[in-house]
1. Quick one: would you say W36 is aromatic (F, W, Y) and open to solvent by less than 70 Å² (accessible area, probe 1.4 Å)?
2. Mind telling me which of the residues K53, K43 ends up being out of contact with any strand residue (DSSP E or B) (no Cβ under 6 Å at 6 or more places or on another chain), open to solvent by 90 Å² or more (accessible area, probe 1.4 Å) and within 24 Å of K76 (Cα to Cα)?
3. Looking at V48, V64, V12, V2, which is the one that is modelled with pLDDT of 95 or more, under 22 Å from D112 (Cβ atoms) and aliphatic (A, V, I, L, M)?
4. Could you list, ordered by first residue, the pairs with Cβ atoms under 6 Å in which the first is in region 103-124 and free of Cβ contacts under 8 Å to residues at least 12 places away in the same chain and the second is open to solvent by less than 40 Å² (accessible area, probe 1.4 Å), at least 6 apart or interchain?
5. Could you please give the count of residues in region 1-11 that are open to solvent by 20 Å² or more (accessible area, probe 1.4 Å) and aliphatic (A, V, I, L, M)?
6. Specify the residue that is surrounded by the fewest Cβ atoms within 10 Å (Cβ to Cβ); the eligible residues are those in region 56-79 that are assigned to a strand (DSSP E or B) and touching a Lys or Arg at 6+ places or on another chain (Cβ under 6 Å).
7. Which members of region 87-124 meet the condition of being within 19 Å of C22 (Cα to Cα), outside any strand (DSSP E or B) and open to solvent by 50 Å² or more (accessible area, probe 1.4 Å)?
8. Of everything in region 13-32 that's part of a strand (DSSP E or B) and open to solvent by 20 Å² or more (accessible area, probe 1.4 Å), which residue is farthest from T69 (Cα to Cα)?
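The values are calculated or read from the model by the stated rules, or taken from the named source; none is laboratory data. These numbers were taken from a predicted model, which means no experiment stands behind them. When we count neighbours, we look across all protein chains shown, and the Cβ atoms used for this are built from the backbone with ideal geometry, even at glycine. Accessible surface areas use protein heavy atoms only, side chains included; no ligands, DNA or RNA. Shrake-Rupley method; radii C 1.70, N 1.55, O 1.52, S 1.80 Å.
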Amino acid sequence: QVQLVESGGGWVQTGGSLRLSCAASGRATRDYYSAWFRQRPGKDREFVAGVIKSGGAKYYSDSVRGRFTISRNNGKATIYLQMDKLKPEDTAVYFCAYDGSRLGPYVASAYDYWGQGVQVTVSS
């Protein structure tokens, strides 16, 4: 089993930055993709960013590309989401996801483990 603990959420003004962390413990069974998803108020969960195990390939939604950066430190069993130039529409609960299958990084159902979610609030 893998347990994920998220940290780094909070409040920030428009244009500000936050860095989310997701620390994993335990042993993954597939450990191919890791990702960040978010759920904005009144909306369904959506893909934000993903990374393969090696860290060499990264994937971003159109809404965050150029502003968010996902990274992975395998030695620390941690993935990060650096969020810059935040906008009010980025306000959401952010979830990290771990051990995604080879279906691809975008599919939430492909992930076996999820963090508890952290609130990110961006004020206009």
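1. So W36 fits the description; yes.
2. K53
3. V48 is the lone residue from the list that is modelled with pLDDT of 95 or more, under 22 Å from D112 (Cβ atoms) and aliphatic (A, V, I, L, M).
4. Pairs that qualify, where the first residue is free of Cβ contacts under 8 Å to residues at least 12 places away in the same chain and the partner is open to solvent by less than 40 Å² (accessible area, probe 1.4 Å), are L103/A110.
5. 1
6. Taking region 56-79 as the starting set, the residues that turn out to be assigned to a strand (DSSP E or B) are 58-60, 68-73, 78-79.
From the residues that got through so far, the ones that are touching a Lys or Arg at 6+ places or on another chain (Cβ under 6 Å) too are 70, 79.
Numbers: I70: 24, I79: 28.
Here the answer is I70.
7. Within region 87-124, Y106, V107, S109, Q116 meet the criteria.
8. Filtering region 13-32 for residues part of a strand (DSSP E or B) gives 13, 18-26.
Those still in the list that are open to solvent by 20 Å² or more (accessible area, probe 1.4 Å) too: 13, 18-19, 21, 23-26.
On the way: Q13: 19, L18: 11, R19: 9, S21: 12, A23: 17, A24: 19, S25: 23, G26: 25 Å.
Across region 13-32, the extreme among qualifying residues is G26.
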